[in-house]
Amino acid sequence: MREYIDLHTHSTCSDGSFTPKEIIAHADEIGLYAVALTDHDNIDGILEAKKEALKRDIIFIPGIEISCDFSSELHIVGLNIDCESEKLVNLTNKFKEDRKKRNINTIKRLNDAGIDINLEEAKKYSTGNALGRAHIAKVMVDKGYASSVKDAFKKYLGKGKVGYSNEFRISYKDAISVIKESGGVAILAHCHYLNMNEDEFIEFIKELKSYGLNGLEGYYTEYTKEQSDFYISVCKKLDLIISGGSDFHGDMKPDIKLGKGFGNLKVPKTLLDNF
């Protein structure tokens, strides 16, 4: 009996190491009931994943994770989106063009800091238009500049570090609007990244709801039980949908397993009843 789902995953179309097809195959093999592909600012993998899911006994949910302009890291996940939506396609094209320019600038900044690296080396970890900081980080690990992708971000590629370049972002209001106009459901991802106390968080979620936010990730790999319980309680209090997922990236985040997170993540399939 398939009891669990994963509504937050990344493929080679953004910064994951599994292709969309491989994510679907793996999700099916480990017995998930449903899986969503939510690549960063990108919908290129949706059709491939959908085709693979049709061959298997698993429900596929098309999605995206949109990066928003905010003082801390804020991402809005869109689920059940129409990947042919003109507004969504136009937005993701803007993200692609920005990423190309940013990659060149990131390499230049790293070179100026004495780090021997080039884009051709990073391309072997990427496909299509997906090349980004995570792939540059993999080369830095290969060359001994960092011990892991996470370490590379901490030392060189994270916000405020020597290799960081400002990124194209849209407001959370616009992100919610694009998702909903594309037929999707708007979910606040990894809520703990906001670094707010409980009262501040509730007031902020009320604001997001006024713009059309549908729900929160009540289940997430990095949450403590207390955090998960709190976010679920906020959903119930404010009449919001509860979502959840692993934030699977394959080898880019090897400790995080599809559908299981660090090993104890269990996102119940009953959540889909509210979508």
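The number of residues in the stretch 174-193 that are more than 16 Å from the chain's Cα centre (by Cα) and surrounded by fewer than 16 Cβ atoms within 10 Å (Cβ to Cβ) comes to 2.
Being modelled with pLDDT of 95 or more and closer than 19 Å to I59 by Cβ is the requirement here; does S243 meet it? Spell out how you get there, then give the answer.
Details: modelled with pLDDT of 95 or more: yes; closer than 19 Å to I59 by Cβ: yes.
So S243 fits the description; yes.
Scanning the stretch 251-272 for residues that are at pLDDT 95 or above and part of a helix (DSSP H, G or I) yields K269, T270, L271, L272.
Among the residues of the stretch 237-275, just one is more than 13 Å from Y220 (Cβ to Cβ) and of a type in the set (F, W, Y), namely F275. Out of S71, S85, which single residue is farther than 21 Å from T9 by Cβ and in the same structural domain as N195 (by TED's automatic domain parsing)? Of the residues listed, the single one that is farther than 21 Å from T9 by Cβ and in the same structural domain as N195 (by TED's automatic domain parsing) is S71. For the stretch 242-275, a residue qualifies if it is buried (at least 16 other Cβ atoms within 10 Å of the Cβ) and without any contact (Cβ under 8 Å) to a residue 12 or more places away in the chain, and exactly one does: K257. Among the residues making up the stretch 17-39, those that are part of a helix (DSSP H, G or I) and of a type in the set (D, E) are E22, D28, E29. Taken over the stretch 206-221, residues that are within 28 Å of N90 (Cβ to Cβ) and assigned to a helix (DSSP H, G or I) amount to 4. Would you confirm, using the coordinates I've provided, whether A53 is in the same structural domain as H40 (by TED's automatic domain parsing) and either surrounded by 14 or more Cβ atoms within 10 Å (Cβ to Cβ) or out of contact with any Asp or Glu (no Cβ under 9 Å at 6 or more places or on another chain) (or both)? It is true that A53 is in the same structural domain as H40 (by TED's automatic domain parsing) and either surrounded by 14 or more Cβ atoms within 10 Å (Cβ to Cβ) or out of contact with any Asp or Glu (no Cβ under 9 Å at 6 or more places or on another chain) (or both). Set side by side, the residues E84, E73, E121 differ, and just one is of a type in the set (D, E, K, R), surrounded by fewer than 18 Cβ atoms within 10 Å (Cβ to Cβ), outside any helix (DSSP H, G or I) and without any contact (Cβ under 8 Å) to a residue 60 or more places away in the chain, which is E84. Taking the stretch 194-232 as the range and being among the β-branched types (V, I, T), within 21 Å of K260 (Cβ to Cβ) and surrounded by 14 or more Cβ atoms within 10 Å (Cβ to Cβ) as the test, the residues that pass are T221, I232. Evaluated against (1) over 18 Å from the mean Cα position of the chain (by Cα); (2) modelled with pLDDT of 95 or more; (3) assigned to a loop (DSSP other than H, G, I, E, B), Y164 falls short on exactly one condition, (2). If only one of Y172, Y164 is in contact with a Gly (Cβ under 7 Å, 6 or more places away or on another chain) and among the aromatic types (F, W, Y), which one is it? Selected residue: Y164, the only one of Y172, Y164 that is in contact with a Gly (Cβ under 7 Å, 6 or more places away or on another chain) and among the aromatic types (F, W, Y).
The values are calculated or read from the model by the stated rules, or taken from the named source; none is laboratory data. Computed from a prediction, not measured in an experiment: that's the story for all the values here. Here Cβ is always computed from backbone atoms with ideal geometry, including for glycine, and neighbour counts include all displayed protein chains.
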